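Engineer: Before I ask anything, here is the structure I am working with.
The values are calculated or read from the model by the stated rules, or taken from the named source; none is laboratory data. Please read these numbers as outputs of a predicted model, since none were measured by experiment. Backbone-built Cβ (ideal geometry, glycine too); neighbour counts: all protein chains shown. In case anyone asks, the SASA skips ligands and DNA or RNA and just uses the protein heavy atoms, side chains included. Shrake-Rupley method; radii C 1.70, N 1.55, O 1.52, S 1.80 Å.
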Amino acid sequence: MNAIAGKVVAITGASSGIGEASARVLAAAGARVVIGARRTDRLERLAETIAAAGGEVRLCPLDVTSQVEVAAFAAFAQESFGRLDVMVNNAGVMPLSPLAALRVADWDQMIDVNIKGVLYGIAAALPIMQAQGEGQIVNVSSIGGHHVSPTAAVYCATKFAVRAISDGLRQETDHIRVTVISPGTTTSELADSIGDATAREAMKAWRAITISPEAVAASILHAIGQPADVDVSEIVVRPTASPH
Ligand code: NDP
């Protein structure tokens, strides 16, 4: 048995990009994965692919802006496989815009998904992991959690928050591992939701060089695969050729 095999890993935002790649990579390494997102047709296709490759997978419809749904997602993972070893709080949105555009609904959505969704994930997983006496929370932040850039003030604020919350959680527990994954530009659907024309144009140059979501998934795999007394508290993984 390697350190991944048999682990029960719940992944939010698993219908595309980094979450989807993580589900594939972790299942291929022997983890039992529980995948959640709103687009259940995508989850069904992913589950079929994973199962066809011999992996163990369950899917659950999930909107991380609902605390009730996130709690039900963690409970579903525990009921399906008897425990919950890792919660990957990956779901995120990035509708960038200059603050002066006053796209307040976009600010609300980023706060609801990127911050409150992560907090709900922690609230759902922590009691289960405390009862088990072990577990791991993996929160996906960003290089935007390290540096702010124009049009990204609110997005970066949410990703700074993810790092702050994660570090606080890490300090408050001595038996639950806490990992932050901070990717640089990664091929995914993340920029598709940018409604503001200025930000959309700026992002074309910013996102010209990307790494694959599988590269980020490999970092998550690495962090989970460490021995229980080793906490990889943060990995920043970015394209070699990118200045960002
Ligand atoms: P994608 O847009 O491809 O994936 C985002 C995922 O989040 C989707 O599966 C989407 O599923 C899910 N999601 C969005 N809103 C909700 C919601 N309310 N409830 C549940 N799931 C939701 O982008 P990425 O894979 O790139 O993004 C994954 C994470 O990586 C995000 O946190 C992002 O901020 C972070 N990141 C990405 C980078 C990049 O360059 N791609 C760089 C740094 C960080 P659905 O719509 O089906 O619900």
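Engineer: Would it be correct to say that ILE165 is among the aliphatic types (A, V, I, L, M), open to solvent by less than 50 Å² (accessible area, probe 1.4 Å) and out of contact with any Lys or Arg (no Cβ under 7 Å at 6 or more places or on another chain)?
Structural biologist: yes
Engineer: Answer yes or no as to whether ALA74 is modelled with pLDDT of 95 or more and farther than 23 Å from ALA215 by Cα.
Structural biologist: yes
Engineer: Need the failing condition index for ALA123 against (1) crowded, with 24+ Cβ neighbours inside 10 Å; (2) within 21 Å of ILE224 (Cα to Cα), just the number.
Structural biologist: Just one mismatch for ALA123, condition (1).
Engineer: Here are some conditions: (1) acidic (Asp, Glu); (2) over 19 Å from the mean Cα position of the chain (by Cα); (3) under 29 Å from ALA197 (Cβ atoms). GLU134 meets all but one. Which one does it not meet?
Structural biologist: The number of the failed condition is (3).
Engineer: Sticking with this one: On the given criteria, is GLY30 surrounded by fewer than 16 Cβ atoms within 10 Å (Cβ to Cβ) and either more than 8 Å from the ligand (Cβ to nearest atom) or outside any helix (DSSP H, G or I) (or both)?
Structural biologist: It is false that GLY30 is surrounded by fewer than 16 Cβ atoms within 10 Å (Cβ to Cβ) and either more than 8 Å from the ligand (Cβ to nearest atom) or outside any helix (DSSP H, G or I) (or both).
Let's see how each residue does on (1) in a helix (DSSP H, G or I); (2) within 13 Å of the ligand (Cβ to nearest atom); (3) closer than 23 Å to ALA75 by Cα:
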| position | (1), (2), (3) |
| --- | --- |
| PRO127 | yes, no, yes |
| GLN130 | yes, no, yes |
| ASN139 | no, yes, yes |
| THR151 | no, no, no |
| CYS156 | yes, yes, no |
| ASP167 | yes, no, no |
| GLN171 | yes, no, no |
| SER182 | no, yes, no |
